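Let me begin by presenting the structure, written as structure tokens, before commenting on it.
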Amino acid sequence: MAIAISAVSLPSLFQYKNLIIARKSRIRSFSIRSCKDVSGEGDGGGEPLQKPKRLSEKSSWEAKDSEGKDYLYRLGNEADNMNIAVGARAGVIDDLFAGNFLGRDSDIVFDYRQKVTRSFEHLQGDYYIAPVFMDKVVCHIVKNFIVHLLNIKVPLILGIWGGKGQGKSFQTELIFQAMGVEPVIMSAGELESERAGEPGKLIRERYRTASQVVQNQGKLSCLMINDIDAGIGRFGNTQVTVNNQIVAGTLMNLADNPNRVSIGQDWREADITNRIPIILTGNDFSTIYAPLIRDGRMEKFYWQPNREDIVNIVHRMYEKDGISRAQVIDIVNTFPNQALDFYGALRSRTYDTSISKWVDDIGGMEKLGEKLLKRRKNEELPTFTPPEQTMDTLLEAGYSLVKEQQFVMETKLSKEYMKNMDD
């Protein structure tokens with residue numbers, strides 16, 4: 001009986017084993033065919049997989065060029081936005097990348113962009129602007145913004161030069177405030193770097209930033225570089241660096257092509273920059289590379305305030321102190337041939353005695369740091385009382401400043417330190 005059961009069971013086991021082997025072989029053959037179909041090399045043993053669905057049959061965004069790169073790749077290569085110009089702003093990039101943990105409008109460079117342009121809330125009070133100076137700056141800005149309406153060659157750059165301390169930068173800022181201009185302001189200290197080409201790129205970036213102010217905010221803007229001769233001027237045996245040459249070349253290129261400005265990305269036809277006027281200030285433009293200051297690229301304006309301008313500017317400065325115009329004329333007559341900043345320094349010198357008294361009122365210089373920086377939140381400093389300005393105090397401060405000027409010129413301690421130096 002047992003032998004009969006065994007004879008019946010053995011064929012069933014062999015049939016089950018063959019069934020399992022057949023199923024494994026079919027699974028193995030399917031997996032092999034599926035791998036070949038993915039690579040586009042079907043062996044004909046089965047139906048090929050469907051190709052990935054395109055965004056649109058009529059769209060050229062996924063069309064390949066001769067190098068096998070589609071339009072989106074080329075567009076990204078041409079763009080200067082590496083996700084630092086917009087940050088993670090909701091509505092600008094996909095919400096998946098914007099997230100909620102930093103807020104819906106988390107912008108990684110928002111603070112930087114806010115500080116690039118200059119506003120003039122700190123200029124409080126009533127100041128005098130020389131009419132000749134205002135006419136030159138306003139005319140230059142307006143001509144550059146309506147150049148498409150004029151049939152003339154308009155220089156992109158206005159070079160304001162003249163003696164030290166004559167108010168070139170300050171008068172320009174007052175005009176910006178009056179016109180509602182939001183400029184991008186640079187200094188000569190930014191025109192050198194340990195990396196070659198960096199200052200030139202920075203100028204182009206600031207120029208494009210001013211262009212974005214015009215395009216996105218609807219405000220007038222310009223690029224202003226102060227003390228340009230201190231940055232790229234040639235004085236005696238000073239060394240000329242590659243960056244000096246690149247800065248001069250960059251400004252010349254901007255003057256010749258103000259609407260096509262690249263900061264390193266590939267060119268594209270739609271990348272047109274708004275024409276932005278450039279204003280340079282300096283003391284001696286004869287030290288600057290001559291092709292940069294030639295007519296057609298730069299309009300030059302020599303600023304030397306006359307007596308009437310000096311009296312009006314100083315009177316407006318002292319008007320709040322109760323100093324009459326006649327007294328201002330006496331001060332100007334007493335200290336002739338002085339720059340405008342001399343009269344501002346004169347007024348500042350009269351505050352020294354009052355500030356010393358105020359330091360004594362808060363506990364002396366030993367407690368100065370504690371009172372200024374470590375006081376409690378609700379603790380207020382003693383009220384500072386400005387000094388009463390009189391002709392005697394102003395003249396006394398003026399004579400003190402003139403004495404310091406003469407002492408510097410007459411002593412020349414550098415002669416003691418370098419006795420072999422020629423006169």
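Any read-out appearing in this document is the output of simple, stated calculations on the displayed coordinates, not a laboratory observation. Not measured: the values here are computed from a predicted model. Cβ atoms come from the backbone with ideal geometry, glycine included; neighbour counts cover every protein chain shown.
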Practice task
Please give the net charge around Val214, taking every other residue with its beta carbon less than 14 angstrom from that of Val214, where Lys and Arg add +1 and Asp and Glu add -1.
Solution key: +3
Problem - Rg [Å, one decimal], Dmax [Å, integer] - the range 218-365, C-alpha atoms - result: 22.8, 67
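How do the peptides 283-292, 124-133 rank, highest first, by the average count of neighbouring beta carbon atoms within 10 Å per residue?
Numbers: 283-292: 16.1, 124-133: 14.0.
The most tightly packed comes first, giving 283-292, 124-133.
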Exercise for the section: Would you please put 196-205, 364-373, 155-164 in order of how densely packed they are, using the mean number of other Cβ atoms within 10 angstrom per residue and starting with the highest? Expected result: 155-164, 196-205, 364-373
Handout entry: Rg ratio (alpha-carbon, reference 2.2 N^0.38 Å) - the range 159-281
Key = 1.10
Exercise for the section: Just name one of Gly167, Leu220, Asn151: the one whose Cα is farthest towards the positive end of the charge dipole of the range 129-223 (beta-carbon charges, Lys/Arg +1, Asp/Glu -1). Expected result: Asn151
Exercise for the section: Provide the percentage of antiparallel DSSP beta bridges, counting only those with both residues in the range 99-302; round to the nearest 5. Expected result: 5
Exercise for the section: Could you run the Debye sum over the Cα atoms of the range 307-420, one equal point scatterer each and no solvent, and tell me log10 of I(q)/I(0) at q = 0.21, 0.22 Å⁻¹, two decimals? Expected result: -1.05, -1.11
Completion exercise
Long-range amide H partners of Met224, meaning residues 5 or more apart or on another chain whose placed amide H is closer than 5 Å, are Val184, Ile185, Met186, Ile279
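For the cross-link pairs Lys136/Lys168; Lys164/Lys201; Lys153/Lys300; Lys136/Lys320, which exceed 21 Å when the distance is taken from alpha carbon to alpha carbon? Write out the running numbers ahead of the final one.
Values: Lys136/Lys168 12 Å; Lys164/Lys201 29 Å; Lys153/Lys300 15 Å; Lys136/Lys320 29 Å.
Violating the 21 Å limit, Cα to Cα: Lys164/Lys201; Lys136/Lys320.
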Completion exercise
Packing-ranked peptide list from 224-235, 313-324, highest mean Cβ count within 10 angstrom first, is 224-235, 313-324
